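Visitor: Once you've had a glance at the structure underneath, I'll fire off some questions.
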Amino acid sequence: MSSRVFGEPIKRLEDPRLLTGDAVFVDDVERPGMLHVAFLRSPYAHGRLHAIDLTDARSRDGVIAAFAADDLGAYWQHGPLLVPPPPIADAVFYPRTQVPLARGKVRHAGEPLAVVVATSRYIAEDALDDIVYDLEPLDVAIELEAALDADAPRIHEDLDSNLAADVRQQKGDYAAARAAADVILERRFTYDHGAAAAIENRGVVADWDRRAERLTVWDTTQAPIPIRNGLAGLLGLSESQVRVVAPFIGGGFGPKIMMFYPEEMVVPWLAMRLGKPVKWIEDREENFFATTHERSQIHQAEIALDREGRILGVRDDFLHDTGAYNPYGLTVPINSQCTLLGPYRVPAYDSRFRAVFTNATIVTPYRGAGRQHGVFVMERLLDLAARELNLDPVEIRRRNVLEPDEFPHHHEIIYQDFSELVYDSGNHRPAIEKACAMIDWERERDGAGIQGEEPAGTVDKRRGVGLVCYVEGTGIGPYEGARVTVESSGSVSVSTGIGTQGQGHFTAFAQVVAEQLGVAVERVRVVTGDTRAFHWGTGTFASRGAVVAGNACHAAALAVRAKILRHASEALEVDEADLELVGGEARVVGAPQRRIALGDLAQRANPLRGAVAPGTEPGLEATSYFGPSRGATASGVHAMEVEVDPSTAMVEILRYIVVHDCGTVINPMILDGQIKGGVAQGIGNAFYEQLIYDSEGQLQNASLMDYLLPTAAEVPPIETAHLVTPSPLNPLGTKGAGEAGAIPTGALFAQAVENALREDLPDLEILEIPLSPNRLWELMCAARGEQA
Amino acid sequence: MKPAPFRYFAPETLDEALSLLAEHGDEAKPLAGGQSLVPAMNFRLAQPAVLVDLNRIAALSFIRPDDAGGVVVGAMTRQRAVEHSELVAARAPLVTETVPYIAHAQIRNRGTFGGSLAHADPASELPAVALALDAQFTLACRSGQRVVPAEAFYTDLFETACGHEELLVDVRLPTAAAGSGFAFEELARRHGDYALVGVAVAVQRGADGTLIDARMAYLSVGPGPVLATRASASLLGTRGETEALRVAASLAAHEDIVDPPSDIHATAAYRRHLIEVLTVRALTRACSRAQEGA
Amino acid sequence: MDDSALIDVALTVNGTHYQRQVESRLLLSDFLRHDLGLTGTHVGCEHGVCGACTILLDGEAVRACLLFAAQVRGSTITTVEGLAAADGTLHPLQEAFRQAHGLQCGFCTPGFLLTLVPFLAENPNPDDREIRQAISGNLCRCTGYQGIVDAVRSLSRTGAPKPAHEAET
Ligand SMILES: Cc1cc2nc3c(=O)[nH]c(=O)nc-3n(C[C@H](O)[C@H](O)[C@H](O)COP(=O)(O)OP(=O)(O)OC[C@H]3O[C@@H](n4cnc5c(N)ncnc54)[C@H](O)[C@@H]3O)c2cc1C
Ligand code: FES
Ligand code: FES
């Protein structure tokens, strides 16, 4: 009997609860006497708040209380700087963090001005109309380049300009590379990412038990432990008095890790202040304004190559929109800066970015976290170079990818985890060849661009293919922990501190542990996201759950395995080496009738009488931590086939191929799901989703009617293949996969559309994402020399 | 996103409903499928003080043949019922072809034929179809009924000839005469979205095969559904040759009454371009169908 | 009737009869979730787009966020809680979702299930294009839809039976 569960497509243990409606999400939490909250939000993107009067709101029937910034007293303070800037020489960084309720000044539309607590959300919303306030609109800085003008309206008046950061990183000698180059290409690229738009909006429920002096907070956060620690500090409680629960979360994708959101600060305070449970559930309209985005970068980039198409160097200078505040430091632009290098040999690199404050919602990582932007620039530069050199786009990539003997590969610049950007491992060429074979590159690439399949009289469409590469630094530190316990029933419980938002952690971690303990996966119960169950750790972000927490589970399982073997060897009077753990039992190899159940061993290890041997601990339990020295490098190649209607500029994606390498795979079914979900978001980013601001800083499409998430009719079937190059940086050899699917899609889409239109418009250059049919049509007109 | 308070009435007869509307005047709004009104109320963009729910008035939900060979659809008939009606398919095939473009099955299960027409969203499919078919709208108030042709029904952005005290009760779709052909084309960003531009066309060939009638109606190109009369007229007497269709399409794109907006979804220039492309496509299909039917 | 007047609503949800008084403006989605405690019906947008709140009203898939509780007097409703059998056996469609990894965070899932139950009853043999159109009124941000399409396809020959509580009667 094989007990192998690691690496198998085990059906998820959490599914029955989710499929039947039993799973508890934050908005499902009900407490007796619970009150409901609504926030008054700024209608203006930039304004001076002179006065706010809550009298009428407070006197409305059903309203319990209403508060503005001044009512918070000493509790009013700026949120923490989540991520300080990495140690990069001469880096300039001006941290400015958000506040719980605006005081004096408003810096983006949707910033909360006041909060109303009522017996129902309906009444709380009614009362928002009763609030009288004097908010003087100010000129806005919304457009990235204009925001840096000397006379641009200043968002943080204590600063000299809207510059939030200025960072330059260099490798090699770009000037020399340029001087030696046969081909130099320079272009301006814009890449705009969007809203994560998890289907579940955010929410916080807080309950202060006055008699037990304990605060419980249910929060749609990806990082319950830092929230607990932060809240304890803010509220003057000890950490043990605060329990933060991130129950089932309806999708995270990055923005649910921001801290502290104003609502996360205010709602627990309200619960303590009013002595009543308090619930705030973000609605979709609020979500567009109040939950963080990822948005635009504008790159002026140049590539220098020799005539064989080998990269000699890349220079880039880009602007990054950080929004009204920058609590997340430089994570996003540094990801862009580092990920641009891709799987390629780039001897010289000179990259500068400036982060810019704008009167718009805060920018923090959203799936991909700036990597898209960098990949887009590099892949497009390579495509342009291939065109210039008359090379096949795949060929130019073949000539530049790192070979297996070049790892670990040092890039000599600093990554978002503060350590040097070093690729631990990789094997890119087979991934390229595999993707080529899957999409039938040779045939499709030069195949009939104009399809003859359509019956006469209908629409002539053009087909094209694309193929791009990327790497992704994943699984960064600092650390995660896990506790594994064998219970006397023989069940195993696993607790870890990260939150889970659909990544299948309940199953994947169970597989990791079951593998070591020889129990059925169904007997392993995983708890995530409850600080009472485990209270050390950081959170689920940066594609790190499976890597960092997975390895912590593995380490704890190994420690428990050792305990099991020790107790079993005593109980069965055999050498540990002669034991195997199978089917929930320890058995003697070759004499399986000599065995003892893990549950019995758990009881032996936790006796009611007698003594636990000095220097040992009771129980079959262990807590372990894992902290990687640096991130593990996942990589992949994506290819797609599109069909373009040249008359309308509508694009349909016919096929999508992903060849992905994220090291050892814990559960291929879950991995596949992560990749495909990422691709769907990438497709949204490429052709459907864009946050559209007007010149007043107003978001024009703050609804799901107008912000277009792709549906099943727009996302094609996605074919995946996996290569395994284990990471040498962790015992399981895993690399992160959570963001990979979404990263190269924009670059790929641009290449495939250009390819489809190659005969009509050989000079068409797509230097921006997202596109829309309208925008693509304009680019097509311009390439034809027509006015759109 | 919770609606503001309102008073709710659920009359079971048309008379009761009309009395309530007369009593409450412009404070009241009829509630049909709620698929446009309720989202607006949830955003608090609409805050009617009184809602008169028409869903319990069984007499407003029907599809029946009329004597002239057409079909009459009660205002409260669900869009899904229209979509699946064999009678509608036989007598007003353009409607059957178009309804699936409206939103999604769950919306059409609830959204009504009359609600969509009365809402007069310029991006809606059905008003353009009603215009192309020269549908007749029956409006009722306490003092009686009147019939208004589609062209007169649509007056401005979200504005119709239907007064505060009136209800749209049914819509008469004339029969598809011999030699006629129809087609609908639209371009939407995603499946089920409101279209950037759409066109509904109805043409009819005479005994000699030349076009003797043509109606081209557009959505998303003006404050309401738009009938391109000059362009439509240009087709008369032609046989619907490709060149004639191109001319008509180009005329349509530049007719005065065709004034596409620039908004977050598309620029006016792109919409004008789409008018030409989609018109040729729709006319091509309609003319070839008309041939078949001649 | 004045603003504060409560409206009597009697209805059947998942085979159970309920009688409540509601404010006229109470959305059906809030009524099911918070008044009846049936929190399996999820709310993602409250403007009819995401489909998470989809339920069966007299057998037809509709948006619970675009109905007022006051409107469903006398109706029969099925929510996700009504799909599995009383002994906990998953409905075949739920089982198919699990087998095909048709859910990740699971927030959108109830809406997909309730959209698909009547769809499969009407179209026992859909092709992929029909399946994709049928679910195009439901947004999922996690799965990329493929697992969902696979789940439906796996049932396409048998069709999806009725929800447990309806099958019993
Ligand atoms: C996600 C989503 C997508 C959609 N996509 C589309 C689309 O692509 N194309 C499209 O056309 N529509 C679309 N719709 C709207 C949908 O078709 C609506 O059903 C329709 O517009 C309104 O019909 P209703 O019966 O729901 O009317 P309601 O929303 O109830 O009413 C709409 C308006 O008409 C008035 N009214 C209703 N009935 C009458 C009557 N008999 N007499 C007088 N006034 C009346 C109401 O007072 C209200 O002002 C979409 C809706 C949603 C939620
Ligand atoms: S919550 Fe009803 S459709 Fe989104
Ligand atoms: S599974 Fe998360 S939204 Fe669909």
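Visitor: Rounded to the nearest 500, what is the 222 nm mean residue ellipticity of chain A from helices alone, with -39500 (n - 2.57) per DSSP H run of 4+ residues and division by all residues?
Guide: The helix-only estimate for chain A comes to -7500 deg cm²/dmol at 222 nm.
Visitor: What figure, in Å² to the nearest 10, do you get for the accessible area of residue A:600 with a 1.4 Å probe and non-protein molecules left out?
Guide: Accessible area, nearest 10 Å²: 80 Å².
Visitor: Take the Cα pairs of the range A:1-148, get the Kirkwood Rh, then feed it into Stokes-Einstein at 20 °C and 1.002 mPa s and tell me D in µm²/s.
Guide: The calculation lands on 110 µm²/s.
Visitor: Write down the Å³ per residue value for the convex hull defined by the alpha carbon atoms of the range B:180-293.
Guide: Numbers: hull volume 9.6 nm³, N = 114.
In the range B:180-293, the Cα hull volume divided by residue count equals 84 Å³.
Visitor: Further, regarding this structure: If you place +1 on the Cβ of every Lys and Arg and -1 on the Cβ of every Asp and Glu, how big does the dipole about the Cα centre of the range C:92-167 come out, in debye to the nearest 20?
Guide: I would put it at about 140 debye.
Visitor: Can you compute the radius of gyration and Dmax for the range A:341-415, using only the Cα atoms, both in Å?
Guide: 15.5, 48
Visitor: What FRET efficiency would be calculated for the residue pair residue B:68, residue A:151, taking the C-beta separation as r and a Förster radius of 56 Å, to the nearest 0.05?
Guide: Efficiency computed from Cβ-Cβ geometry: 0.20.
Visitor: Further, regarding this structure: Would you look at the GNM of chain B, springs on alpha carbons closer than 10 Å, and say which of B:234, B:220, B:143 moves the most?
Guide: Answer for the Gaussian network model of chain B: B:143.
Visitor: Quick one: of the DSSP bridges fully inside the protein assembly as shown, what percent are antiparallel, nearest 5? Could you put the intermediate results ahead of the total?
Guide: Numbers: 166 of 206 bridges.
Restricted to the protein assembly as shown, the bridges split so that about 80 percent are antiparallel.
Visitor: Based on the alpha-carbon gyration tensor of the range A:550-636 and its eigenvalue square roots a ≥ b ≥ c, which shape applies: rounded if a/c is under 1.5, prolate if not and a/b is larger than b/c, or oblate?
Guide: Judged from the Cα gyration tensor, the range A:550-636 comes out oblate (a/c at least 1.5, b/c at or above a/b).
Visitor: Whenever you get a sec, compute what percent of the accessible area on the protein assembly as shown sits on carbon and sulfur atoms (1.4 Å probe).
Guide: Looking at the protein assembly as shown in its full context, I get 48 percent from C and S.
Visitor: Return the FRET efficiency for the residue pair residue A:176, residue A:617: r is the Cβ-Cβ distance, R0 is 45 Å, and the value is rounded to the nearest 0.05.
Guide: Here the calculated transfer efficiency is 0.15.
Visitor: Would you mind calculating the relative contact order of chain A from Cα pairs under 8 angstrom and at least 6 residues apart, reporting the percent as a whole number?
Guide: Over chain A, the number comes to 15 percent.
Visitor: What total accessible area, in Å², is buried where chains A and C meet, using a 1.4 Å probe and rounding to the nearest 100?
Guide: Between A and C, the summed buried area is about 4000 Å².
Visitor: What size of dipole, in debye to the nearest 20, comes out for the range A:354-480 about its Cα centre when the only charges are +1 on Lys and Arg C-beta atoms and -1 on Asp and Glu C-beta atoms?
Guide: Using Cβ point charges on Lys, Arg, Asp and Glu, the range A:354-480 gives about 460 debye.
Visitor: Suppose the chain between residue A:571 and residue A:77 were pulled fully straight at 0.36 nm per residue; how much longer would it get relative to their current alpha carbon spacing?
Guide: Working it through step by step, the gained length comes to 171.9 nm.
Visitor: Give me the 1.4 Å probe accessible area per residue for the range C:92-167, excluding ligands and nucleic acids, in Å².
Guide: Value returned for the range C:92-167: 31 Å² of accessible area per residue.
Visitor: Next question. By a straight-distance test (C-alpha under 26 Å), which lysines pair with residue A:11 as possible cross-link partners, with residues fewer than eight away in the same chain excluded?
Guide: List returned: A:676, A:735, C:162.
Visitor: Using all alpha carbons of the range B:58-173, what is the percent of pairwise distances in each 10 Å bin, ordered from the shortest bin to the longest?
Guide: Answer for the range B:58-173: a P(r) of 14, 52, 30, 3 percent.
Visitor: Let me ask something additional. Relative contact order of the range A:652-788: what whole-number percent is it, with Cα pairs under 8 angstrom and at least 6 residues apart?
Guide: Across the range A:652-788, relative contact order equals 35 percent.
Visitor: Continuing with the same structure: Accessible surface of residue B:160 in the full protein assembly, 1.4 angstrom probe, to the nearest 10 Å²?
Guide: Spelled out: residue B:160, probe radius 1.4 Å, area about 30 Å².
Visitor: Provide the buried accessible surface between chains B and A in square angstrom, both chains summed, 1.4 Å probe, rounded to the nearest 100.
Guide: Rounded to the nearest hundred, the buried surface is 2500 Å².
Visitor: Which three extents, in angstrom, do the Cα atoms of the range A:647-755 have along their principal axes, listed largest first?
Guide: 52, 33, 23
Visitor: Still on this structure: Give me the log10 of I(q) over I(0) for the protein assembly as shown at q = 0.04, 0.06, 0.09 Å⁻¹, as the Debye formula computes it from C-alpha points; what are the numbers?
Guide: At q = 0.04, 0.06, 0.09 Å⁻¹ the computed log10 ratios are -0.23, -0.53, -1.21.
Visitor: Counting only Cα atoms, I'd like the Rg/Rh figure for chain B, Kirkwood definition for Rh.
Guide: 0.98
Visitor: Ordering A:720, C:115 from largest to smallest accessible area (1.4 angstrom probe), what's the sequence? Could you put the intermediate results ahead of the total?
Guide: Numbers: A:720 40, C:115 10 Å².
Greatest to least solvent exposure: A:720, C:115.
Visitor: Please report, in debye to the nearest 20, how large the charge dipole of the protein assembly as shown is about its Cα centre when each Lys and Arg carries +1 at its beta carbon and each Asp and Glu carries -1 there.
Guide: Taking the Cα centre of the protein assembly as shown as origin, the dipole is about 2480 debye.
Visitor: Below 8 Å, C-alpha to C-alpha, sequence gap of six or more: please give me the relative contact order for the range B:58-173 in percent. Don't skip to the end; give the middle numbers.
Guide: Values: 215 pairs, mean separation 31.3, N = 116.
Normalised by residue count, the contact order of the range B:58-173 is 27 percent.
Visitor: A further question on this structure: Suppose the Debye formula is applied to equal point scatterers at every Cα of the range C:92-167; what is log10 I(q)/I(0) at q = 0.16 Å⁻¹?
Guide: -0.48
Visitor: What are the principal axis extents of the Cα atoms in the range B:7-53, in Å, biggest first?
Guide: The Cα atoms of the range B:7-53 stretch 31, 19, 13 Å along the principal axes, largest first.
Visitor: Of A:403, C:46, which has the most accessible area with a 1.4 Å probe, and how do the rest follow in descending order?
Guide: A:403, C:46
Visitor: Follow-up. Under 19 Å from the Cα of residue A:279, which lysines turn up, not counting those fewer than eight places away in the same chain?
Guide: A:256, B:2
Visitor: Based on the Cβ-Cβ distance from residue A:119 to residue B:46, what FRET efficiency comes out when R0 is 30 Å, to the nearest 0.05?
Guide: With R0 = 30 Å, the Cβ-Cβ based efficiency is 0.75.
Visitor: Compare B:178, B:68, B:202 in a GNM of chain B, Cα atoms joined below 10 Å, and give the one with the largest fluctuation.
Guide: B:68
Visitor: What does the charge count near residue A:276 come to, summing +1 for each Lys or Arg and -1 for each Asp or Glu among other residues with Cβ under 12 Å from its Cβ?
Guide: Once all neighbours under 12 Å are counted, the net charge is +2.
Visitor: Taking only protein heavy atoms into account and a 1.4 Å probe, give the accessible area per residue of chain A in Å².
Guide: 33
Visitor: With every protein chain left in place and a probe of 1.4 Å, what is the accessible surface of residue A:377, to the nearest 10 Å²?
Guide: 0
Visitor: Here's something else I'd like to know. Using only the heavy atoms of the protein chains and a 1.4 Å probe, how would A:214, C:63 rank by accessible area, largest first?
Guide: These residues rank, largest area first, as A:214, C:63.
The values are calculated or read from the model by the stated rules, or taken from the named source; none is laboratory data. Nothing here was measured: the structure is a model prediction, and the numbers come from that model. Counting neighbours? That spans all protein chains shown, and the Cβs are built from the backbone with ideal geometry, glycine included. Calculation scope for accessible area: heavy atoms of the full protein, side chains included, ligands and nucleic acids excluded. Shrake-Rupley method; radii C 1.70, N 1.55, O 1.52, S 1.80 Å.
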